[in-house]
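Working notes for the structure below.
Every number in this text was worked out from the coordinates using simple rules, so none of it is lab data. Just so we're clear, the structure is a prediction, and the values are computed from it rather than from any experiment. Backbone-built Cβ (ideal geometry, glycine too); neighbour counts: all protein chains shown.
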Amino acid sequence: MKAIKIVAYVILSVLVFYFGSAFLKEYNSITERSAARGNYDIDDIETPIYDVDRGTDSSSLEIETPAEEKPAPDPALNGTDLLEHGDVSAANASSDDSNPAETNAVDTATQTAANETAATPDNSNRIGFFTGGFVLSLLALGLLAGYDLTRYSANRTLDSIYNDDGVGTDGHDLYEAAEQEWARGDFLEAIRILREYLEVNPKQQHAAIRIAEIYEKDLKSPLAAALEYEEILQQKLAPERWGWAAIHLANLYSGPMGKPEKAIDLLRQLVEKYPDTPAGEKASQRLAMIDGAE
């Protein structure tokens, strides 16, 4: 499970980086093309020069302008040549009337716009895909990280409230002194010091479990041990610790105390309360054996 979660973190992190980088690349590309299209300066376009005298009304002129003298026809040309010469002159005049600078400017602008349109791909689909992928992968990564953070915080709070961290800081010397007395074989003195430690640290129920173990294993007193376990099960413990304390008490009931009914009732209570814990699974197996034997 832990390996799968690590792989999921790696995959989601890679996806977030990939989609984010691709989105930024596409966005920067679109921005640069938009800026390039907007950098055309009107002063860079050649403005055609028009002949202002063409549209002038001759009636508004006060000074009469003499008519332009036309060159005399070449006497060497016959009538047909004169006609052709007149057509060529008319064609030249018509060609002169059109403004080549204006035509070239319009054609250049049209060709430039066409080239930009052809060279610029439609990136709306790609940038939408990258955006959606980035949002979805980031959301999945956030949910996974939030779940783990919440679970970690809950476990830390549970450990602080229900004493799953072992020895507390207050009265640590007392607990060490009790273990030293136990090592010397003075079990009653060890129990006394452990009770003193519990008075200083009432939430440190591991000390109560240690007292029950000393009664059960060292002093061979199943009744005293059972009384300690019964008191322990009244406290707020983590599911795993509560389950194993119940298993120990059930063993005492069914073994040296000769009370199998109480053992079965306690096992059923364990299965009903914490079925997913290792102790709950063991209790379920034991109940199945008992039911099969019956």
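So for the range 219-228 (the condition being in a loop (DSSP other than H, G, I, E, B) and touching a residue at least 40 places away in the same chain (Cβ under 8 Å)), does at least one residue qualify? No: zero hits.
Residues of the range 202-218 that are touching a Phe, Trp or Tyr at 6+ places or on another chain (Cβ under 6 Å) and buried (at least 22 other Cβ atoms within 10 Å of the Cβ): Ala207, Ala212. Only one of the numbered conditions (1) in contact (Cβ under 8 Å) with a residue 40 or more places away in the chain; (2) of a type outside the set (S, T, N, Q); (3) in a loop (DSSP other than H, G, I, E, B) is violated by Ala283, and that is (3). Taking the conditions (1) within 20 Å of Thr277 (Cα to Cα); (2) outside any loop (DSSP other than H, G, I, E, B); (3) not charged (D, E, K, R) in turn, Leu188 satisfies each one other than (1). Any idea which residue in the range 238-249 is nearest to the chain's Cα centre (by Cα), counting only those that are under 14 Å from Glu272 (Cβ atoms) and of a type outside the set (Phe, Trp, Tyr)? Per the stated criteria, the residue is Pro239.
I'd like to verify a number: residues in the range 277-287 that are under 38 Å from the mean Cα position of the chain (by Cα) and over 18 Å from Lys236 (Cα atoms), how many?
Of the residues in that region, 2 qualify.
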